[in-house]
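Asks: Take a look at this one; I'll ask things after.
Each reported figure results from applying straightforward, stated rules to the coordinates on display, with no laboratory input. Small disclaimer: the values here were computed from a predicted structure and weren't measured. So basically every Cβ, Gly included, is an ideal-geometry build from the backbone, and we count neighbours across all protein chains shown.
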Amino acid sequence: MLARVLLALSLVPALALALCQPDGQDAYKVRLSIKTALGANAYEWNESEQFLFRATLAFAMRKYTGQETFNVSSVIVCNETPRVSFWFVVTNPNDTTTLIPKNGVEEAIRLSRNRINSAFLLSDKTLQFVGIPPTLAPPSQPSLPVWLIVFGVVMGIVTAGILALIISGFIQRKKKEKTIEDEEEKQERIMENGISFETLEGKDGVNNGAYSHDEDRLTQL
Amino acid sequence: MVEESRPSWENPMQFVLACVSYAVGLGNVWRFPYLCQMHGGGGFLIPYLIMLVVEGLPLFYLELAIGQHMRQGSIGAWSAINPYMGGVGIASVVVSIFLVVYYNVINAWAFWYLFHSFQGTLPWAECPLSSNFTTYVPECEKSSSTDYFWYRETLNISSSIEDHGGIQMGQALCLVLSWMVVYLCVLRGTESTGKVVYFTATFPYLVMIIYLIRGVTLHGALNGLKYMFTPKLSDLAEPKAWIDAATQILFSLGLGCGSLIAFASYNHHNNNFEKQAIVVSLINSATSIFASVVTFSIYGFKATFNYESCLDRTLQSFWIFLKRVMSAGSLQFNIDSYFSIQNTVQTEWTVFNTFFLKMQLLLINTFDLAEDSIKRDNLDDWISHLNASFPDKFATISSQIEVCDLESELDTAVEGTGLAFIVYSEAIKNMGLSQLWSVLYFSMLLMLGIGSMLGNVAAIITPLRDFAFLTRHFQKETLIGMMCLFCCLVGLSFTTRSGNYWFTIFNDYAATFSLLFIVLIEIITVCYVYGLKKFEKDIEVMIGHRPHWYWKIVWSVISPVLIIGLFIFYIADYIMGGTPTYQAWDSNLGKTVTKEHPPFAQAVIGLLLVTSMMCVPLAALVTFIKKKKEQARERKISTTAS
């Protein structure tokens, strides 16, 4: 009995190891760069940290599938290196001999990437899932593109300038036409015998001395 | 009825600045540096300056003299010179119309880039992300962020000229704005133009000086300058260098369009245009040279930046450093030797330093070593150990060496819109404070472009306003407004998805061959039809002395011969060139491919070449027929009367 139990117990990790194969079809490689990220505050990578990783991944699977059957034991880790890199697989909680397919795991990790990173005080760059590209930060897009605003300002200034010039030109021309009309009227008034007296300021004519009889009223003896 | 006297410049300075503003344009910035690079660097200055003295200056002088003497636009002036030669003026106007329609699109692009410079990061500095936010858009990754911004976000270019696509709203809006700005500057005639040119003529120089100071202090600028100014005199033996110099002078000074005649027609009769002609031509050439210094320092910076990024990306700097160490005498690959020659190879050391981290990362990732296991002082031990223990794995990473070559980066010679909007914006995005430099640069392009536009628009408006019929029925503002509206509407066809291909057709064919023809007819008309002696006397009346015999020889013999030579070369080149081709953007490959023009495009090319030139013989024919009719009528009247 004891022997069988021992055999069974030794088989479980053996089975688990068999499921977790580096470069396996449904396996992912994880790489952590703790010293790069945290420098002096770097923590030691040990079994407990490993446990946290498996728990976080189980949480991610729970969140993604909505099934609360995932447990720490569903995540199997192998091939750990001093780099702090290792491979892991996720087993199906209903049937521990089958694995959750790769894209399922990928989607789950993508969904909770932020939470996984924060658990380890790392970022997308320092906690790498080889094969899952990090989500790049989308550039901030304001509601109205900036260029339209600048365009609107410049367009407004130019339109105002054009209108100002056209209107002032119009006014100038009206004034000129008015002064021309006034001058023409004056010229018509002082036309005598077809000769226009431009020098006159609209008077009654030139005093022609030859026809002035004032001095001759009293004839001289 | 009071007659309106001909408007004139407020002072001679306005005239000079208007000519400078017109002549100094985008060609000085994006064509001359390219020609310099293609034809032996500094050595190109020799044919360029010779052509300036022998061809450019005398023709410039000639056009100013005609304009100032006749006091009319090109149509009226040439009709006055000889009634049969009015067609030359009409041809100038037709070429100017083609020119303004496509040239203003460049201003639209400049506005577009200028407005997009007011952002935190310049939009052409980074590739946009694809929809799932994990990668960059593939078209952008294959080419570059600046290429992508130009071809996709600005032009939204189609893959061939047959594929029209719709009008791009952003481009159309900017084009409308450009035409409104031009209208604003010319609607009052010389009164408004004269004031605007103070700004459009001087602002570009201010920006160029700022860029010069910044450019020569950029890291790597000296590489570009050295590359440009090392004269390769062997290139001068090629006739292409001389032909390009001659055509560059001709087009750079804006001869044959009628703009100079138009500007000069507003001068006082005794204005000393001889001195002004020399001054403006010299300023134009000096600006070209100045602009190439700036361009080449920017080139050098960009090429060096790309070269060093390449080194960064690959392991090559490590091997270079290694080679240096080995050649410095130490046969053993030893970390101490790095430190010992650290002070003598500063540049390589800095590159190596940043690079060491990459090497470290690559090694620990490939071999799953602990993060802090590889340090500078045990790098060499690790490398020999890994190379020995895992030779295959090591081989995979040592094959990551790209070949980085500074020369090939500098060799990428670009001209035209590619230089202005792609190469320069790429360099700007890597400078500190890139938004400021971007705003300065595109404002400068705008000033240059609008300055030239003012001249070309004047070349159309001035002869039109000389027609009493039009002046009587339309106010000045209305006439100019209608012309601007017409050109704007036609220009909208350049804002479609295939617009850039049509733009290139117009750029290459609308104002090149026809202008040569017009200039040739001009010079022959003045010297042989009108008479050189009569022309001399006219000049004497205006400026008080006869032109120097040098001018006379050039006008009557040297220039015509030169231009006929250019003419023949162009025809030969066109015939031997086969089907005209163009560079089409392939969005799948992320680069341009050569395609042949379809028949309708070739028909347009033919039309462009022929339309303006046909005006000359056609107008002569019309005048001939009119004269014959008049003579016949007079004879009838005299016979019936007697």
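Asks: How about region A:53-113: which GluC sites (Glu not before Pro) there lie in a loop by DSSP and see at most 15 other Cβ atoms within 10 Å?
Replies: A:68
Asks: Starting with the fewest neighbours, write out B:564, B:422 ranked by other beta-carbon atoms found within 10 Å of each beta-carbon.
Replies: Final ranking by Cβ density, sparse to dense: B:564, B:422.
Asks: Can you tell me which lysines have their Cα less than 30 Å from the Cα of residue B:628? Leave out same-chain residues fewer than eight positions away.
Replies: By straight Cα distance, residue B:628 reaches B:533, B:534, B:636.
Asks: Using a simple charge model, +1 on the beta-carbon of Lys and Arg, -1 on the beta-carbon of Asp and Glu, nothing else, what dipole does region B:207-290 show about its Cα centre, in debye to the nearest 20?
Replies: 240 debye
Asks: Here is a follow-up. How much length would be gained if the chain were fully extended between residue B:640 and residue B:602, taking 0.36 nm per residue of separation minus their Cα-Cα distance, in nm to one decimal?
Replies: Contour length minus Cα-Cα distance gives 8.1 nm.
Asks: Under 28 Å from the Cα of residue B:429, which lysines turn up, not counting those fewer than eight places away in the same chain?
Replies: Hits, sequence-local ones excluded: A:125, B:142, B:226, B:302, B:358, B:591.
Asks: Now for a different question. Highest mean first, what order results for A:35-47, B:429-441 on Cβ atoms within 10 Å?
Replies: Descending packing order for the listed peptides: B:429-441, A:35-47.
Asks: If the only charges are +1 at each Lys and Arg Cβ and -1 at each Asp and Glu Cβ, what is the size of the charge dipole of chain B around the Cα centre, to the nearest 20 debye?
Replies: With only Lys, Arg, Asp and Glu charged at Cβ, the dipole is about 2820 debye.
Asks: For helix B:434-466, what angle does its Cα long axis make with the longest principal axis of chain B, in degrees from 0 to 90 and rounded to 10?
Replies: Its long axis makes an angle of about 10 degrees.
Asks: Can you tell me the order of B:601-609, B:51-59 when each peptide is scored by its average per-residue count of other Cβ atoms within 10 angstrom, highest first?
Replies: The densest-packed peptide leads the list: B:51-59, B:601-609.
Asks: Roughly what percent of Cα-Cα pairs across region B:1-59 reach past 19 Å?
Replies: So the pairs more than 19 Å apart make up 54 percent of the total in region B:1-59.
Asks: So if R0 is 30 Å, what FRET efficiency would residue A:164 and residue B:136 give, r being the distance between their Cβ atoms, rounded to the nearest 0.05?
Replies: Taking R0 as 30 Å, the efficiency between residue A:164 and residue B:136 is 0.05.
Asks: Using the alpha-carbon atoms, what tilt in degrees (0 to 90, nearest 10) does helix B:316-327 show relative to the longest principal axis of chain B?
Replies: That helix lies at roughly 70 degrees to the long axis.
Asks: What is the angle, in °, between the Cα long axis of helix B:379-389 and the longest principal axis of the Cα atoms in chain B? Nearest 10 is fine, range 0 to 90.
Replies: It is inclined by approximately 70 degrees.
Asks: Averaged over its residues, how many other protein chain Cβ atoms are within 10 Å of peptide B:120-133's Cβ atoms?
Replies: Mean number of neighbouring Cβ atoms from other chains: 2.
Asks: Taking 1 over the mean of 1/r across every pair of different Cα atoms in chain B, what Kirkwood radius in Å do you get?
Replies: In chain B this quantity evaluates to 27.7 Å.
Asks: Below 8 Å, C-alpha to C-alpha, sequence gap of six or more: please give me the relative contact order for chain B in percent.
Replies: Here the relative contact order equals 32 percent.
Asks: Points 7 angstrom from Cα along the Cβ direction at residue B:381 and residue B:572: gap in nanometres?
Replies: Distance between label points: 7.3 nm.
Asks: Could you list B:164, B:597 in order of exposure, starting from the residue whose Cβ has the fewest other Cβ atoms within 10 Å?
Replies: The fewest-first ordering by Cβ neighbours comes to B:164, B:597.
Asks: Once fully extended, how much extra length lies between residue A:130 and residue A:188, figured as 0.36 nm per residue of separation less the alpha-carbon to alpha-carbon distance?
Replies: Fully extending the segment from residue A:130 to residue A:188 adds 10.9 nm.
Asks: If you take the beta carbon distance between residue B:270 and residue B:433 as r and set R0 to 60 Å, what does 1/(1 + (r/R0)^6) give as a FRET efficiency, to the nearest 0.05?
Replies: The value I calculate is 0.75.
Asks: So how do B:490, A:89 line up by other beta-carbon neighbours within 10 Å, fewest first?
Replies: Fewest-to-most ranking of B:490, A:89: B:490, A:89.
Asks: Looking only at other chains, what is the average number of their beta-carbon atoms within 10 angstrom of each beta-carbon in A:75-81?
Replies: 1
Asks: For peptide A:144-156, what's the mean number of Cβ atoms from other chains within 10 Å of each residue's Cβ?
Replies: 5
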